[in-house]
Amino acid sequence: MKNILAVLTVVAAIIAFWYAACVPMNIKGVLDQAERAGTEVSPATAKERRDMGTFGLVASNTFAIADTWAQDRPRLPAPHQVAVELWKTTVEKKITSKRSLIYHGQVTLSATLLGFAIGTGLGILLAVGIVHSKVMDMSVMPWAIVSQTIPIIALAPMIIVVLYSIGVQGILPKAIISAYLSFFPVVVGMVKGLRSPDHMQLDLLKTYNASTAQGFWKLRLPSSLPYLFASLKIGIAASLVGAIVGELPTGAVAGLGARLLAGSYYGQTVQIWSALFAAAILAALLVALLGLIERLVLKRMGMSA
Amino acid sequence: MTNETTPQASSPQAVVEARDLNLVFETNDGPVQALKDVNLTINKGDFVSFIGPSGCGKTTFLRVMAALEHPTSGSITVNGMTPDEARQKRAYGYVFQAAGLYPWRTIAKNIKLPLEIMGYSKEEQDKRVAQVLDLVELSGFGGKYPWQLSGGMQQRASIARALAFDADILLMDEPFGALDEIVRDHLNEQLLKLWARTDKTIGFVTHSIPEAVYLSTKIVVMSPRPGRITDVIESTLPKERPLDIRDSQEFIDIAHRVREGLRAGHSDD
């Protein structure tokens, strides 16, 4: 109960700060509109207002504060504006509508999940290779690290262009960008997990004259699961970012990334923010789902420490 | 130094024979002589304890028998084979200081681990699990997970795991080192009974003098830097040993000789 109160306090503080930030961010736009509508504002001309500090403007036009939270195209939309937009574009719109965030969300989600599956599979395979082969350990790991230092925003258009030129388009290029981001945490976590059994455990298998494959299936793989789940949670969030980034340079017509891009073309800040929130909520749901699976699996395996 | 060499070097009874065994570890601080000129014969059915301060090579010698370490020079045979061949023939079961049970397997499934690896049939696995659980007095605990058992019970389960396949040698590396004295006494008593019933040859590493004297038919006293054998004591205690044998004069005399051997090893450095 105490915890809930603390959480709510933090949330309330963030929302209060957000509302407060809307006032100086949007005041100029509000005053410009008011002037055009014939209301008296001080100072009277846009030029004079431009040279003034925003806090000064707020102080001399306190009547306009309420309007900073209700503009059509604010620089910074107020929380309730975003909430209303989210409600309208998820619950009230039909899922088939091009303006439904559910529709755009599931486009992005399918690329995310496909990319996540490819990335996880690749990550696990690489980790198995790295743990069992010294050559792979020395040759693959540096490249995996280097691959993550290249900004994905620079790489994404190239991946899409190259794939397009060989006839691959649709969901796959986006999924590959997702996979590119999500394989790395899986490799790192899985390598650590597969190496987590201590010397005694490995010696014990040796005394049984167990094969490498038996050691892998009976000891290394089960031991690695807690590490794998930690990595998967990072990986799925990275996958979602990858899918969204993959939608940006293609002029995609569907997906949360496309929604962000369209919003910024037309100055629809409320649309941008609601797409951002939709992405954040989607990521939170995916991570929570993985967390739930993790709890169930590890509890079943007696490893829920 | 009184390295013992049994005169009838290759009697049919000998299970382990070490001759002029040397093992040098290369470390960052230079070479470390873990074993120096070790000669030892272990006969079938012996209960041999290795005792000495840390660094005396007692665990290393056990690991050489198990082919987990390889000697730099000298020879060692286990059942007449090299330790590696013996390991491949699954000649011994090894019990470590920690039970090392897999948390995701029940006790029964843990005991089945070596049986699965060695390819025993399902029915055979079940039969053997029931047998060894009974042997270590854990019947009825097969379905429990390791965390549901006390430390002493976990260690018994790990002994059961080492007994489950037909190895006639049992190598134990300070198996009760992490347990309190009361549990330890109890497990020592049980171990003797188990040894009497199964007729195995046991190699047992410890740094407790009473434990070594109580359990062993042969006590190997070792000392460090370099790791070597300073004394080999054939116990004169009867095979039947109630716990209060530890108050007998005979027991105290043997313990005294062990202590002397340990002291002699120390005065060298």
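The values are calculated or read from the model by the stated rules, or taken from the named source; none is laboratory data. Note that the coordinates shown come from a computational prediction; the quantities given were computed from them, not determined experimentally. Neighbour counts run over all protein chains shown; Cβ positions are idealised from the backbone, glycine included. Just so you know, the surface numbers come from the protein's heavy atoms only, side chains and all, with ligands and any DNA or RNA stripped out. Shrake-Rupley method; radii C 1.70, N 1.55, O 1.52, S 1.80 Å.
Miscellaneous remarks
- Considering helices alone, the calculated mean residue ellipticity of the protein assembly as shown at 222 nm is -18000 deg cm²/dmol, with DSSP H runs of length four and up weighted by -39500 (n - 2.57) and normalised per residue.
- Rounded to the nearest 20, the Cβ-based charge dipole of chain B about its Cα centre (Lys and Arg +1, Asp and Glu -1) stands at 740 debye.
- Part-to-part distance (alpha-carbon centres) for segment A:180-255 and segment B:94-173, which is given in Å: 30 Å
- Where only alpha carbons of chain A are counted, the Rg and the Dmax (Å): 25.6, 91
- For the segment B:32-39, counting C-beta atoms of other chains within 10 Å of every residue's C-beta and taking the mean gives 0.
- Ranking by accessible area, most exposed first, for B:H207, A:H199 with a 1.4 Å probe: A:H199, B:H207
- Summing charges over all other residues whose Cβ lies under 9 Å from the Cβ of B:Q97, with Lys and Arg as +1 and Asp and Glu as -1, gives -2.
- Bridge type composition, chain B - antiparallel percent by DSSP, nearest 5: 55 percent
- Taking amide H positions as modeled 1.01 Å from N, with prolines and chain starts lacking one, the residues under 5 Å from B:T72 and 5 or more places away or on another chain are B:N22, B:L23, B:V24.
- Of the peptides B:60-71, A:171-182, the order by per-residue mean of other Cβ atoms within 10 Å, starting with the highest, comes out as A:171-182, B:60-71.
- Between B:H256 and B:H207, the FRET efficiency from the beta-carbon distance, with R0 = 22 Å, is close to 0.80.
- In this simple spin-label approximation, B:D84 and A:K98 carry label points 7 Å from Cα along the Cα→Cβ vector, and these lie 7.2 nm apart.
- Per-residue shielding of A:205-213, expressed as the average number of other chain Cβ atoms within 10 Å of the residue Cβ, stands at 6.
- Ordering B:50-56, A:72-78 by mean Cβ neighbour count within 10 Å, with the highest value first, yields B:50-56, A:72-78.
- Environment charge of B:L68, counting only residues whose C-beta is closer than 11 Å and scoring Lys/Arg +1, Asp/Glu -1: -1
- Segment B:192-252: GluC sites (Glu not before Pro) in DSSP coil with no more than 11 other Cβ atoms inside 10 Å: B:E240
- Spin-label pair B:V32/B:L243, simplified geometry with 7 Å Cα→Cβ offset, distance in nm: 3.7 nm
- GNM top mover of B:K36, B:K58, B:K144 - chain B, alpha-carbon springs below 10 Å: B:K144
- Net charge, B:E124 excluded, C-beta distance under 12 Å - Lys, Arg +1, Asp, Glu -1: 0
- Separation in nanometres of the label points that stand 7 Å from Cα toward Cβ, at A:N3 and A:A83: 2.4 nm
- 1.4 Å probe accessible area per residue over the protein assembly as shown, in Å²: 48 Å²
- Peptide B:111-121 shows a mean partner chain C-beta count of 3 within 10 Å per residue C-beta.
- Order of exposure, largest accessible area first, which applies to B:D20, B:D84, B:D231 with probe 1.4 Å: B:D20, B:D84, B:D231
- Nonpolar atom fraction for chain A, defined as the carbon and sulfur part of the 1.4 Å probe accessible area, stands at 70 percent.
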